[in-house]
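The values are calculated or read from the model by the stated rules, or taken from the named source; none is laboratory data. What you are looking at is a predicted structure, and each value in this text was computed from that prediction instead of being measured. A quick note on method: Cβ atoms are made from the backbone with ideal geometry, for glycine too, and the neighbour counts reach across all protein chains shown.
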Amino acid sequence: MILVTVGTQLPFDRLIRAMDALAPSLGQPVFAQVGKGKFRPRNMEWQATLEASEFDRLLNRASLIVSHAGTGTILLAQNMRKPLVIMARRSSLGEHRNDHQVATAKQMAGRPGVHVAETVDDLAPAIAIASREEVEAAIPSQREQLKAAIREFVG
């Protein structure tokens, strides 16, 4: 199962719409936590928000996570050893106040288990690659480098 999450604070209809269009071709069920968006998927199961216990259950079942470029989701996927495809919200499209998610995605690009889809067209190839990947547990130096990069970016 592929889990799509956009967090709970801001809508991200561009990602949800793209995943809904891709869902029939992915060969596995897709569940989306769609947040405050207006778009309602037709090709995948979804809920606006989830209780923490239900989100944890879905995370455990997921073979892949597709998400906004939120640091919390990135760290969660890394800790759970789940392959992750991230797409940043863009301020130029009215999806966020600034482009800090674009910067986060650039920082995370190339890290083990993290794949960046810069555009909607990049989603399918990134999902195809990530679906074949098994994420190794981060060795302490990688984990510390990731934490330091996030602290530096956020700080």
*asked:* Quick check on my filter: what residues within segment 23-41 are over 15 Å from residue 130 (Cα atoms), in contact with a strand residue (DSSP E or B) (Cβ under 8 Å, 6 or more places away or on another chain) and surrounded by fewer than 19 Cβ atoms within 10 Å (Cβ to Cβ)?
replied: 29, 40
_Being among the aromatic types (Phe, Trp, Tyr) and either out of contact with any strand residue (DSSP E or B) (no Cβ under 7 Å at 6 or more places or on another chain) or part of a helix (DSSP H, G or I) (or both) is the filter here; which residues of segment 42-56 pass it?_
55
*Could you tell me which numbered condition residue 59 fails, if it satisfies all but one of (1) in contact with a helix residue (DSSP H, G or I) (Cβ under 7 Å, 6 or more places away or on another chain); (2) in a loop (DSSP other than H, G, I, E, B)?*
(2)
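Listed here are the residues, each with its yes/no results for (1) within 18 Å of residue 35 (Cα to Cα); (2) modelled with pLDDT of 90 or more; (3) of a type in the set (Lys, Arg); (4) surrounded by 15 or more Cβ atoms within 10 Å (Cβ to Cβ).
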position	(1), (2), (3), (4)
60	no, yes, no, no
66	yes, yes, no, yes
82	no, yes, yes, yes
90	yes, yes, yes, yes
94	yes, no, no, no
115	no, yes, no, yes
123	no, yes, no, yes
127	no, yes, no, yes
_Residues of segment 70-124 classified as farther than 17 Å from residue 7 by Cβ and part of a loop (DSSP other than H, G, I, E, B), total_ = 9
_Can you find a residue that is in a strand (DSSP E or B) and under 17 Å from residue 74 (Cα atoms) anywhere in segment 9-28?_
no
